[in-house]
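The values are calculated or read from the model by the stated rules, or taken from the named source; none is laboratory data. Nothing here was measured: the structure is a model prediction, and the numbers come from that model. Every residue, glycine among them, receives a Cβ derived from its backbone with ideal geometry; neighbour counts consider all protein chains shown. For the accessible areas, the whole protein counts, side chains as well, though only heavy atoms, and no ligand, DNA or RNA atoms are used. Shrake-Rupley method; radii C 1.70, N 1.55, O 1.52, S 1.80 Å.
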Amino acid sequence: MLWLSENTNLAIENIDVGVCSSGPTWGWRLVDLAFTDDQEALRASLRDFFDSESPPAVVRAAEPLGFDPDLWRKVVEMGLPAVPVPAGLGGGGAGLLELAVAAECLGRTLAPVPLVEAAAATALLAEAAPDHPWTARAVAGDLLPTLALRPAAGGVARLVPAGAVADVVVALRDGALVATRAPGPDGAAPGPDGAAPARDRAVPNLGSMPIADLPLDGGETVVLAEGPAAAAAHAGAVRRWEALTGAALTGLAARVLELGVEYVLERRAFGILIGGFQTVQHRLADDATALEGARLLAYKAAWAHDAGTPDAGELATMALLFAADTAYAAAADSLHMHGGYGYTLEYDVQLYFRRAKAWPLVAGDRRAAYAGLPRRLFGAASPTTAGV
């Protein structure tokens with residue numbers, strides 16, 4: 001458990017330090033939540049980059065597919081998809097924490113690029129097939145890989161994030177982890193120009209995401225792992241995706257909350273600013289409080305992955321779930337503060353509202369994920385606790 005101190009960069013953590021005859025014993029330690037100087041510089045640089053390169057006009061122009069190839073080229077030139085790949089393979093040699101910084105900046109501007117999916121898939125390729133040519137091309141940015149979050153069914157990977165623009169999809173199929181070259185719309189081989197081969201298969205969606213159903217039979221396939229090793233590798237990649245998507249949703253929540261605050265400080269009703277109404281203040285304050293918790297959890301999940309803690313996977317899922325709820329609440333409240341204007345396409349808040357609702361849905365049913373967390377954290381219910 002964490003208690004934040006008055007200094008927002010510090011927290012006090014209650015930790016289990018052992019077991020004695022009377023039960024667990026507890027200790028205390030001070031946790032420094034501040035970024036390093038390098039991480040602060042990275043965040044400032046990425047904030048400037050995405051603010052400059054992904055204004056609302058770019059986000060709108062990328063709809064309905066949700067992909068801007070020019071912006072993606074710039075992201076690749078910065079080396080962001082390969083940040084967590086070891087330097088020996090040509091990557092950045094950094095951790096998921098640095099990539100979470102990039103994901104939060106991306107989420108603030110709704111940048112229409114599949115950084116989260118490409119980074120998760122590239123890291124998986126680097127782990128499972130470091131010597132394969134596809135890995136080298138993915139690290140170099142010449143090939144765009146993505147990750148199917150659920151096992152394929154009937155030879156088809158369903159609702160693959162970035163599947164409509166990816167060159168290669170990494171999926172779990174019949175107990176094996178495979179990387180498959182995405183075929184063209186009618187099973188044709190992808191073109192040599194690097195154009196997105198499956199764009200015509202994009203599934204229309206509320207969040208203007210380039211998701212697609214991808215058949216795994218029509219393209220070149222490489223088996224990366226089989227059996228328990230395949231399941232473990234795929235699960236690890238999904239947890240990376242969860243942690244990074246949680247960070248992106250935190251960025252989304254932060255910016256949409258700013259939009260709401262800006263509007264209530266301009267809009268007048270009954271002769272006064274609506275920001276002066278207590279109900280408005282309370283809802284925005286609740287959103288701001290939840291946002292701080294979501295940000296803390298998102299970065300803790302990324303840190304736990306890099307540190308290899310036993311609960312890293314569960315923290316990644318928690319980060320995604322809490323950030324999803326926080327982002328949706330903040331977006332819904334901000335849209336509500338805008339009144340009828342919030343539903344019009346001319347106002348930016350609807351861009352955030354739609355994505356706050358749609359981005360987490362790619363992961364599946366949040367209620368099922370919430371229900372599964374206790375099992376993952378504490379194991380199956382014992383006879384004495386079942387039904388409690």
Practice task
For segment 77-135, name all the residues that are closer than 21 Å to residue 223 by Cβ and either aromatic (Phe, Trp, Tyr) or surrounded by fewer than 21 Cβ atoms within 10 Å (Cβ to Cβ) (or both).
Solution key: 89, 127, 129, 130, 131, 132, 133, 134
Practice task
Report yes if residue 294 is within 17 Å of residue 317 (Cα to Cα) and assigned to a helix (DSSP H, G or I), otherwise no.
Solution key: yes
Problem - Selected residue (criterion: most open to solvent (accessible area, probe 1.4 Å)) from residues of segment 136-148 that are outside any helix (DSSP H, G or I) and more than 17 Å from residue 210 (Cβ to Cβ) - result: 142
Completion exercise
Just one listed residue, out of 177, 206, is of a type outside the set (Phe, Trp, Tyr), touching a helix residue (DSSP H, G or I) at 6+ places or on another chain (Cβ under 6 Å), closer than 28 Å to residue 73 by Cβ and at pLDDT 90 or above, and it is 206
Fill in the blank from the handout: Here the residues within segment 328-353 that are within 18 Å of residue 288 (Cβ to Cβ), open to solvent by less than 50 Å² (accessible area, probe 1.4 Å) and either modelled with pLDDT under 95 or not small (Gly, Ala, Ser) (or both) are 333, 335, 337, 338, 349, 352, 353
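Please verify whether segment 155-166 includes one or more residues that are on the phi > 0 side of the Ramachandran plot and either acidic (Asp, Glu) or modelled with pLDDT of 95 or more (or both).
Of all residues in segment 155-166, those on the phi > 0 side of the Ramachandran plot come to 155, 159, 162.
Narrowing further to those that are either acidic (Asp, Glu) or modelled with pLDDT of 95 or more (or both): 159, 162.
Yes: segment 155-166 contains one or more residues that are on the phi > 0 side of the Ramachandran plot and either acidic (Asp, Glu) or modelled with pLDDT of 95 or more (or both).
Scan segment 205-230 residue by residue and report those that are aliphatic (A, V, I, L, M), farther than 30 Å from residue 357 by Cβ and open to solvent by 50 Å² or more (accessible area, probe 1.4 Å).
Hits for segment 205-230 are 223, 229.
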Exercise for the section: Might you check whether a residue that is surrounded by 24 or more Cβ atoms within 10 Å (Cβ to Cβ), in a helix (DSSP H, G or I) and not β-branched (Val, Ile, Thr) occurs anywhere in segment 149-160? Expected result: no
Practice task
Quick one: count up the residues across segment 99-124 that are among the hydroxyl-bearing types (Ser, Thr, Tyr) and over 15 Å from residue 49 (Cα atoms).
Solution key: 1
Handout entry: Restricting segment 85-115 to residues that are touching a residue at least 60 places away in the same chain (Cβ under 8 Å) and either polar (S, T, N, Q) or part of a loop (DSSP other than H, G, I, E, B) (or both), the residue that is farthest from residue 302 (Cα to Cα)
Key = 112
Practice task
Would you mind finding the one in 27, 66 that is open to solvent by less than 30 Å² (accessible area, probe 1.4 Å), of a type in the set (Gly, Ala, Ser) and at pLDDT below 95?
Solution key: 27
Exercise for the section: Determine, yes or no, whether residue 250 is of a type in the set (S, T, N, Q), buried (at least 16 other Cβ atoms within 10 Å of the Cβ) and farther than 19 Å from residue 81 by Cβ. Expected result: yes
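In the set 297, 265, 244, 284, which member is over 12 Å from residue 356 (Cα atoms), over 15 Å from the mean Cα position of the chain (by Cα), hydrophobic (A, V, I, L, M, F, W, C) and buried (at least 19 other Cβ atoms within 10 Å of the Cβ)?
Just a single option satisfies the conditions, and that option is 284.
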Practice task
Looking only at segment 222-242, decide whether some residue is aliphatic (A, V, I, L, M) and in contact with a Gly (Cβ under 6 Å, 6 or more places away or on another chain).
Solution key: no
Practice task
Please go through segment 239-271 and pick out each residue that is without any contact (Cβ under 8 Å) to a residue 12 or more places away in the chain and of a type outside the set (Gly, Ala, Ser).
Solution key: 258, 262, 265, 266, 268, 270
